[in-house]
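Input: a single structure, listed below in C-alpha cells.
Computed from the coordinates by the stated procedures, all read-outs in this text should not be read as laboratory data. The model shown is predicted, which means the values in this text are computed figures rather than measured ones. For neighbour counting, all protein chains shown are included, and Cβ atoms are generated from backbone atoms with ideal geometry for every residue, glycine included.
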Amino acid sequence: MAESMNDILHPYQPRDPDFPHAPEDWSRASAERAAADDNLTLTPAHWELIRALQGYFAAHERPNLRELHDALDEKFHAQGGIKFLYGILPGGPVAQGCRLAGIEPPAGSADKSFGSVQ
C-alpha cells in the first residue's frame, strides 16, 4: 500500500512502550536533559520512578500529594522507600521526579520556605 502525503509529512510516532502513560510532549531525551540540568545520571531506579509517577498521574484526575507520597513509599519499600528516593533525587521524589517525568507537580510538593543557601 502506498503511503499518503500526510503519512510522509506527519509520520505516526508511537509512544515509548516502556512509558505508556507519558505526556505527549515527553521523551526519554527530555528526561535525560532535565536530569543533566540537575547533575544527575538516570539509573534504572530513576526510570522506574518516572514510570510510576506518569502512571499515577494518568490514573488520578486530582493528584493528592500525601497519597502519592505514600504510594511511592510503598512501591519502593524493598529499596528503602521514601528515604531511598530522596537519596536518588535530592530535590524530592515528587517535585524533582515530576520534572523528569514531564508532569506538573502537585501543589505543596516543593518546600520554598527554606530560602536561598547562597
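Miscellaneous remarks
- Least to most buried among Ile103, Ile88 (fewest other Cβ within 10 Å first): Ile88, Ile103
- The equivalent ellipsoid of segment 20-106 has semi-axes of 18, 17, 11 Å, largest first, where each one is the square root of 5 times an eigenvalue of the Cα gyration tensor.
- Packing-based exposure ordering (other Cβ within 10 Å, fewest first) of Lys83, Lys75: Lys83, Lys75
- Rounded to the nearest 20, the Cβ-based charge dipole of segment 20-106 about its Cα centre (Lys and Arg +1, Asp and Glu -1) stands at 140 debye.
- If R0 equals 25 Å, the separation of the Cβ atoms of Arg33 and Glu104 corresponds to a calculated FRET efficiency of about 0.90.
- Residue-span extension gain [Asp70 to Glu24] - 0.36 nm each, minus C-alpha spacing: 13.9 nm
- Think of segment 20-106 as having a plus end and a minus end, set by charges on the Cβ of Lys, Arg, Asp and Glu; of Leu40, Leu68, Gln54, Leu40 sits farthest toward the positive end of this dipole.
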